[in-house]
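Structure, as structure tokens:
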């Protein structure tokens, strides 16, 4: 991933926090038939290994787990906090007119060897942890044990687990860091005024970057 120095994020807790917040990742591996990508939720265990380990599962019918080349590095991509930036939000538009539209986003690439695991007991543990994570926001969270055991067993037979010990991480936070403070303030105001959750989230990221810049 191309990352200009101003957009490079290297703080591991910051990267891990964003990976946990994002609901979906894209797992890309090289198979005997070329590149294959699968969109799937991945759970991060930050304490497992130097950079953490990712866990998830794919459908048994997905050839990716059978055909991926085990000796070739895989990549799990996380993207979020993206927003369009209008040139009209920049103070410099009124001063020079030398502005163009841009897009802001956070992107994380996690690299490592993908290990596909066909083990019902292991899968049940991963599925239970994934479910508990995503159900935690509900007043009455659903649990795997709420379903009949035989039904769960049948569902587990339809999936294969994946484990990716992360060997390296790339974090890109592209949020107008190279613009002037006045222009950045204008973008934050524009994002806040748009009223969409996505823009509000991007504005919050910009504020956090500003706070770190001034700390």
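Only the coordinates and a few stated rules stand behind these numbers; no lab work does. Just so it is clear, the structure is predicted and the values come from calculations on it, not from any experiment. Glycine gets a Cβ as well: all are built from the backbone with ideal geometry, and neighbour counts include every protein chain shown.
Assorted remarks:
- Zone of residue 132's modelled label, taken as backbone nitrogen in region 11-36 under 16 Å from a point 7 Å along Cα→Cβ: none
- Potential lengthening of the chain between residue 181 and residue 11 amounts to 58.9 nm, from the contour at 0.36 nm per residue minus the alpha-carbon distance.
- Label-point separation in nm, residue 88 to residue 196, each point 7 Å along Cα→Cβ: 1.5
- Between residue 37 and residue 207, the FRET efficiency from the beta-carbon distance, with R0 = 22 Å, is close to 0.10.
- Taking all C-alpha pairs of region 1-98, those more than 15 Å from each other amount to 73 percent.
- Between 0 and 90°, nearest 10: helix 181-194 axis offset from the chain longest Cα axis: 60
- Within the set (i) 9, 34, 28, 17, 9, 3, 0; (ii) 8, 30, 34, 23, 6, 0; (iii) 8, 28, 29, 20, 12, 3, 0, the number that P(r) over Cα pairs in 10 Å bins from 0, in percent takes when calculated for this structure is listed as (iii).
- The distance separating the Cα centre of region 1-32 from that of region 57-86 comes to 12 Å.
- Tilt relative to the chain, helix 197-214 - C-alpha long axis, 0 to 90 degrees, to 10: 70
- Report summary: the helix-based calculation at 222 nm, which adds -39500 (n - 2.57) for every DSSP H run with n ≥ 4 and divides by the residues of the chain, gives -10500 deg cm²/dmol.
- Relative to the longest principal axis of the Cα atoms of the chain, helix 120-135 runs at roughly 30 degrees.
- The modelled label-to-label distance between residue 79 and residue 155, using points 7 Å beyond Cα along the C-beta direction, is 3.0 nm.
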